[in-house]
Structure formats: C-alpha cells, structure tokens
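Below: one structure, written as structure tokens.
The values are calculated or read from the model by the stated rules, or taken from the named source; none is laboratory data. Only a predicted model underlies this, so the values are computations on that prediction, with no experimental measurement involved. Cβ placement follows ideal geometry from the backbone for every residue including glycine, while neighbour counts extend to all protein chains displayed. These accessible areas exclude ligands, DNA and RNA; they are computed on the full protein's heavy atoms, side chains included. Shrake-Rupley method; radii C 1.70, N 1.55, O 1.52, S 1.80 Å.
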Amino acid sequence: MGPRSWQMLMRRFARTARQDGLANALGKAGRYLARRMRGQGSSALARAPEGPPNTEAHYLSSVWQDLAQHNAFHIHAAPATLQRRRQIALIGDLNLPQCRKYRVEQLAHFWQGRGAEFTYAHYEDIPRATSILQQATHLFEYRLKCTDVTQMLRYEARRLRLPILYDLDDPLFSVSAYGTYGNMNAVDPALKSHFVNEAPKYLDMMNGADALSVSTPGMIVHAALYSPRPVYLRRNFADSQTLDQGAKAMNAEQIEDGRFRVAFASGSQGHEADLEEIIKELSTFVLADPKRRLMVMGHFDPKALPGELNGQIERYKFSDYGQYLATLAQADCTVMPLGEDAFNGCKSAVRVLDAAAVGVPSVVGTVGDLAAVVRHGQTGLIAQKPSDWGGALEVLANDPSQTRQMGLAARKDVETRWSGHAEPHIIAPELIRWVEG
Amino acid sequence: MRHVLAANVFFAPHSYGGATVVAEQVARALIRRGGFRVTAVSLCCRAGIADYAVLKSETEGIANYQINVPAWRSYGEAYDNPAITARIAELIHSLSPDVVHAHCLQDLGTGVITAARDQNVPVILSVHDFWWICERQFMIQMDQTYCGQDPVRIKECKGCVQNFWAAKTRFEHLQSIGNQAQLVTYPSQFAKNLCEKSGFASGRGVVWENGVRLPEKGFLKAQRERREQDPRVVFGFVGGPSQIKGWPVIRAAFAGVSRADFRVLLVDGSVDGSWWQGHDFFDLPGEWEVHSRYSQDDMDAFFAKIDVLFFMSQWKETFGLVIRAALARGIQVIQTDSGGSTEHGLIAQDQLIPIGPDPAPLRHQISQAIEAHPAQQAPQKIADFASQAAELERLMSQVLLEQETT
C-alpha cells in the first residue's frame, strides 16, 4: 500500500473515530486489515444469520423458514409446464452396483438419448440431491424407503412442483413376498425380520409418489396388490456397457479343452435355494459325462452342492462386471432356476441378458421374467417343469454346434430387441408420455 | 412468449439497494405487459447450505435461482467466479432464455455474460453504478471522498485500490467482457459518458432511464390528513450517517437553523437497522426520528409523512431513484449537483447545492422550506416502471432482431 493509501485510510479512521467513537473505528480498521491480509474481496452480500443444520434431515429447514417468511416458498407453476426440455433428477440408493447399472445408469442413457437431461444423486449426498432438484422438471426416486432425509427431499420436490416417479426392481415393500421368499431361508432369521419390518417404509414411499415404475410384469401385478398408484413397466435391458464388454469377452481366447460347461451365477446371498430346484437333474447331467463341468460363479455356499460333484465343479469368486462376463463367456450354457414364490415372480432377466451378451444360451424356468427374453429353441431353452431341465441340458450338450448358434442368436437378440429402444416391451409408452407429455 | 433471465446480485425475496428495485420492478412490469416470462438468478450466503448450491424460490410470479456463495471469496472471485459461472451456464442451458438481462454483477461475476455468449443467448447489460470501471463500485475513495476522475484511467487508481496490478487485471477483464454484451444501458447520460470515456463498451451504450413506482390513489389523501394533523414541515433523509451521503453537511446545516418548528425523519436503509444506532440529535433544533427501511409497497406511506427530501450525496451518482419517487409525489427535493441524479431537469441549476462541506447553501434552503412550507407543490410527471419496461421491450426487440440477422 502506498503513501496515498495510508493517508486516505488515516483520514477515514480519524473521521470514523470522531463520528462513531474510537472503539468503533478500531473495530472497523481491524476488520478491514484482516480482510486485506486474507486476500478477501469486498462483497455486498451479508451472511445469513444461521448456523449449520442440527441434523442432515434439517438441511433445508432454515431455507424453508426464510422463504416462507419472505413469501417466496411456493413455486406456482410446475417446471414441466414452462419448459419443453425435460430435466430428470434421480435420487436413489445407489449402493448396489447391479441396481445402479440397471435402474440408474441405464435410465440416464435412455433419457439422454431422447434429449432429456438426466442427473442423479445418492440420497445421502444431501447437498447434491437437493441441488439437482432445483432445476429439474421431474423427480425419479429409486429404491428409497421412508426416512427423515428422504421425506425432506420429497418435501422439497413437492415445493418445487415436481412430478414424482418411484422406481423399484425388487418387492422390498412386500411382507408377503419376503415372508415366502425361499432364498431367505439361507440367511440369518434376524435379517429376514429386518426386511419384513422395513417393507412398510418402502410402501409408504411408493404411495407418496405420483406413479410407479417396476422391472417386470410380475412386479406390476404384485405392486398393484399394495398400491393404488399407476404402475408402469420399465424392463432392464442390455446397455452399451453390457454389449461392449460382452463382445470383448466373446472375442477373447476361449478354452478349447473339449469340456461342456454349465454356468450358474449368483450375485447375492441365498441363491443356493434356487439351484436346489434343479440340483438333482443338474447333478445327473454333469455326472453322466466326466467332461461336463458345473461353473459356480459368485456368492454360493459350497456345502449346498452334492459331494459327488466335487471333481466336476469349477468355482469363481464374485468379481467385477467385466471379469464376470469374461468368465461367463467360457461357458457353453447357463442355468437360471428360480424357486416358485412371490419374490422370485418379480425377478428380471438380467442374467439372461448377460449370458446372451457373451453369446451363451440360457436354460430358464417359467418363474419371473426370464422366459420373456428367451425364444425357446432359438436363443435358449425354457424348462416348463423341474424335470425338463436335464433334458434341456442334454439337448445343448449333444449338439455343441447348434448350442453355439443359439448363443449367437441370443447375442443378436440383445443387440436388436433388448438394447434399450423405446419399445413397449422395454418401457411402457405411458411412462414416456408421463415424462414427455 | 419471450423468456428473460434477469441476473442481479440481489433479487426478491432478498432485495437490497436501488438497482435491485429496478431489476425487480422492471421484471414485474414486463410480465404485466404480457408476452414475457422472467426468471431471476441471484446470490445468497448461507452457512447451512453447501457452497455454490442452487436454491429456487418464487416471488410475485418470478422464480429466482439463488446461488449460495461461501462467505470467504477472493478479490478475483468478486468479478469472475468459475463456480458461479458453471451454475449459471447450467441454468441457461436448462431454462433456454431468449435473452439475458444482466444488472449488478458484483459477486455474480462476468461469467453471466460469457455463459450466455457460449450458448448464443444475447445479453443486455444494464449498468447501475461504476462497478465496471471502479473496484470500489461507486468511485468513492478509501477516505470516503469522491474520486472525480473523468475519464477513469486505471493508472490513476494507484494508491486507492487494494493492489494496483490486481485492479488493472480486473479493469481490463471487465473492459473486454463489456464488449461481449449486445447492448449496454445506463440510467443517465452522465453515467454513459463517464463509462464510455473510460473505455467501457464504447458504441454499445444507450441511456435507459429508470422509472419509479408512482403514487397510489390514496397517497394525496394520506399526505393531506397528515398535514392537517401536524402542520409542521417534515424533512426526510434516506441513507446512513456517512460523509459520502452528506450527513455531516446536513447536521452542520441544521445546527445553524434558528427555528425548531419542523420534524426530520432519517430513514435507516440498512437490513439490520444499524446505521443510526448510537446517534443522537439532542443538540439539533426540531424533532428528530429514525424511520425504518421501507419497501416499494410502503413507499407511499413514507412519502406521505414528509414534505421535503434531502439528497445530499457528495459524489456523482448515476441516477437517484428516491429523488424521482419524491418528485412524482409532489415532495420538494433539496439536492446536490450529483451527476445523473439531476437529469430529471426539474430543479434549476442554481438551486443545486454544490458538492462540498459548506453547510450554508443547504441551511438557506432549509430555512426557505420551513418558511414557505412546500405543501402546495404539484406532483411532477415522472416515468414509471411500466414505461421503463416498454422501453426495455423495444431495446430487446432490437437486440433479438440483430441476433437473428447475424
């Protein structure tokens, strides 16, 4: 600071001291010098007299009060009525990689492909979740249960006049589904109780939305037992990541050892009960030829496998998606049995899509949505009853060339029919209109 | 329907300052004209919300996206803040306005203009003060005296600015950004001349005079009733006890007035009512009272209480809304020869009080006012916000036409 600056400052200090008192002048001088030393710019903005919120769920409390007091709380026109451009904010539980892929990232690509903006946030990232709401035209909620935080976020969405779609791919809201879910027998009973106790919190969240979207027709039927909201179908599909990594896995060098490999993949705990559905037929099939192998991938309790299979089992640990596809590509076919219960009746065909992406045909049953993706005899086989599984596997094992052709046809199907086009078997037209209309 | 994105550091629900009054009132007047939708972007500063988070509010049909800035910001961020620019770019992208109307960009930064330019949205920049040519915004030096440069030459700012090289960088940056606005408006010829002579946005400027809120139907009745109840002359002063607003001159002038049959209302314009705390007037003649800040809605109620308005700025202001609001209500104005604030042309040059510490000319006019009582002064014809908005619509059409043809 030059002499002219000091002179002016001293003149100001003297005047302030004269007019407002020495203490006041010293205080102002101190604040000024501190600001200068910190390199802080001058500003017309005064900081609002508020501290940090007491809890995360109170993040917006002071803002709401302030806006209400200034008669600025309500947004009178829904943003979707004012602008043609759609801006979707998705707030969800993004902890599970598979769920994030199929219900969040796929959706982002789908809507971005239609010209909409799509941003998403984990519900516990409150600053981001709150921020993406502000410019949104629509809110999608994924897999959220009713908590103080989710209620705060929804309250803000309602303040902003956003239509709300609630999306779910498992019947987390359903006591009747969890109460009869066979896979729950393999987990701690306390965990099962936990899921049952949580179900009302999911249902509460669903019923507070304007519309629901779910992943399978079975889930539509089941959700309608619980909620009066309109329920739309949005199936999981094979996205560019699946197709690209699948092609890469197909093109990688395959094991040529003359063995016939049947894969069973498990992405979470409890799927021992599913394999149990066909283990007798499967064991008979594998043991009938020493060149046959059962590939068990992911989470699985080895004690659930018959001891006589030991010499013909190949185990693969749960891995990332690329490695999973690369391993799956080594199989000749996959089996995807599901026990018949309400929970499994809601299951989607993502594992069929994964297998098809690497050119491997699937053998599926009639439970869940898996059979919808398989063209029997062309891209895989559908076992109508438990006793059909062994015969189906024999068909595939006895004609390896035809089996490979089935796999390639399955791959072509995912590229053309199951790759996320806006067609009614992927996404309900009503849902597209709900957003774009 | 044309969509205007109005950018101003403050905007309802958090309003502060004359430029904000103009930004808000013109926006509302545009909507009333029909065919316009207005959205605002402004700032807030809240400790409880994440830095640079956006909060949407709405007042009188105008959605306002407030960007929350941290309390500590650097010198450079006061005129160019990348985090704010990013938020504004997102807003422009999602809102797709036809035009950006940039008002006071201090703290918002010049990113408002560059973000609009990047998305091919034309910008009308309305200058309300000297922020674009002076880092201290009002050309008031650290010792609270008027700078007086005409034109402003940045090298002459040495010794006044915090850091000359930082100030020079700022000055040159703002000069270059000014040229990116399609049109630059000024509230007075004085402001336009000084900015353009100083090298700011030459050839892009027009004078776009501010309107004011005109009196409502009941104003004259309220004024008459007050005068019937208490015939004493009432003087009003809107501002704080600062040298630059002329308080020392006012005080010195009243100290020498021989009569005491008058009242004085001092309006505290601060948000927290702190400006006049600790001040007393027992040594002055007449009855003195501090009046709380008034809103546009309360304006008539305030002006109905006074007969004479002081506007004693010791610097050259760009406009002076309060003067025109007073003249529109038949309130006598005693003012200094303060730049653009005199361009209403309703006070003779020899009645304008020279800027300076001499209290005698003011004391003389105070004595005259007490003697004559200006009760019969007729309201003057002053432009309102509706006519200001109409002129803006014309300017906007011109800008949009130029945009289409280039």
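Points to keep in mind about this one:
- Dipole magnitude of the stretch A:302-437 about its Cα centre (Cβ charges: Lys, Arg +1; Asp, Glu -1), debye to nearest 20: 140 debye
- Listed values for the stretch A:150-160 are Karplus-derived 3J(HN,Hα) couplings in whole Hz (6.51 cos²θ - 1.76 cosθ + 1.60, θ = phi - 60°), namely 5, 5, 5, 5, 5, 4, 5, 4, 5, 4, 7, and x replaces Gly and Pro.
- Amide hydrogen neighbours beyond the local backbone of residue B:291, cut-off 5 Å, H modeled: B:266, B:267, B:268
- The stretch A:268-274 - phi-based ³J(HN,Hα) in whole Hz, Karplus 6.51/-1.76/1.60, Gly and Pro as x: 8, 6, x, 7, 4, 5, 5
- Rounded to the nearest 5, the antiparallel percentage of DSSP beta bridges internal to the protein assembly as shown is 10%.
- Annotation: average projected area of the stretch A:240-416 is 9.1 square nanometres, based on the convex hull of Cα atoms across all directions.
- In order along the stretch B:135-146, the Karplus-derived 3J(HN,Hα) couplings, from 6.51 cos²θ - 1.76 cosθ + 1.60 at θ = phi - 60°, round to 5, 8, 6, 10, 6, 10, 6, 4, 8, 6, 10, 5 Hz, and Gly and Pro are given as x.
- The order of the peptides A:89-99, B:2-12, B:129-139, A:8-18 by mean Cβ neighbours within 10 Å, most packed first, is B:2-12, B:129-139, A:89-99, A:8-18.
- Once divided by 2.2 N^0.38 Å, the Cα radius of gyration of chain B becomes 1.01.
- Anchor residue B:217: lysines whose Cα lies under 29 Å away (excluding residues fewer than 8 positions away in-chain): B:305, B:381
- From the alpha carbon centroid of the stretch B:1-47 to that of the stretch A:100-141 is 29 Å.
- Dipole magnitude of the stretch B:219-376 about its Cα centre (Cβ charges: Lys, Arg +1; Asp, Glu -1), debye to nearest 20: 200 debye
- Residue of B:71, B:29, B:375 that the Gaussian network model of chain B assigns the largest fluctuation, springs spanning Cα pairs under 10 Å: B:71
- Overall, the anisotropy analysis places chain A in the prolate class: the square-rooted eigenvalues a ≥ b ≥ c of its C-alpha gyration tensor yield a/c not less than 1.5, with a/b exceeding b/c.
- Built amide H within the under 5 Å cut-off of residue A:118, gap 5+: A:88
- Listed residue pairs exceeding 30 Å between alpha carbons, taken from A:145/A:303; B:168/B:316; A:28/B:192: A:145/A:303; A:28/B:192
- 222 nm mean residue ellipticity, helices alone, for the protein assembly as shown (DSSP H n ≥ 4; -39,500 (n - 2.57); rounded to 500): -11500 deg cm²/dmol
- Shielding of A:127-135 by partner chains, average beta-carbon count, 10 Å: 5
- The A-B contact accounts for approximately 4400 Å² of buried accessible area, totalled over both chains at a 1.4 Å probe radius.
- Electrostatic dipole magnitude of the protein assembly as shown [Cβ: Lys, Arg +1; Asp, Glu -1; Cα centre; debye, to 20]: 2120 debye
- Sorting A:178, B:52 on solvent-accessible area from highest to lowest, probe radius 1.4 Å, gives B:52, A:178.
- List of the stretch B:33-60 residues, accessible area with partners at least 40 Å² below that of the chain alone (1.4 Å probe): B:37, B:45, B:46, B:47, B:48, B:49, B:54, B:55, B:56, B:58
- Among B:351, B:229, B:141: highest mean-square fluctuation, GNM of chain B, C-alpha pairs under 10 Å: B:229
- Computed on the stretch A:240-416, with alpha-carbon pairs under 8 angstrom and 6+ residues apart, the relative contact order is 23 percent.
- Stokes-Einstein translational diffusion, the stretch A:20-143 - Kirkwood Rh over all Cα pairs, 0.692 mPa s, 37 °C, in µm²/s: 178 µm²/s
- Carbon + sulfur, % of accessible area of the stretch A:73-125 - ligands and nucleic acids excluded, 1.4 Å: 49 percent
- Per residue value of the accessible surface for the protein assembly as shown (all protein chains in place, 1.4 Å probe), Å²: 41 Å²
- Peptide B:61-70 shows a mean partner chain C-beta count of 3 within 10 Å per residue C-beta.
- Cα gyration tensor, the stretch B:336-399 - rounded (a/c under 1.5), prolate or oblate: oblate
- Portion, in percent, of the accessible area of the stretch B:219-376 that falls on carbon or sulfur, probe 1.4 Å: 51 percent
- Ratio of the Cα radius of gyration of the stretch B:219-376 to 2.2 N^0.38 Å, where N counts its residues: 0.96
- Cross-link partners for residue A:385 among the aspartates and glutamates, with Cα-Cα distance under 20 Å and sequence neighbours closer than 8 places in the same chain left out: A:272, A:274, A:276, A:277, A:281, A:340, A:341, A:369, A:394.
- 1.4 Å probe, heavy atoms, protein only - residues of the stretch A:75-104 losing at least 30 Å² accessible area vs chain alone: A:75, A:82, A:83, A:85
- Across peptide B:178-185, the mean count of Cβ atoms from other chains lying within 10 Å of each residue's own Cβ comes to 0.
- Computed over the stretch B:219-376, relative contact order equals 27 percent, with contacts defined as Cα pairs under 8 Å that lie 6+ residues apart.
- Think of the protein assembly as shown as a dipole: +1 on every Lys or Arg Cβ, -1 on every Asp or Glu Cβ, centred on the Cα centre; then among B:338, B:173, A:288, B:338 lies furthest on the positive end.
- Centre separation in Å (Cα based) which lies between the stretch A:396-428 and the stretch B:54-88: 51 Å
- Computed over the protein assembly as shown, Cα set: Rg, Dmax in Å: 36.4, 122
- Positive-end extreme of charge dipole, chain A - chosen from A:356, A:111, A:175 (charges on Cβ): A:111
- Residues whose amide H lies under 5 Å from that of residue A:314, counting only those 5 or more places away or on a different chain, are A:294, A:295, A:296; hydrogens are built 1.01 Å from N in the peptide plane.
- Average Cα contact separation per residue, the stretch A:184-270, under 8 Å, 6 or more apart, as relative contact order %: 30 percent
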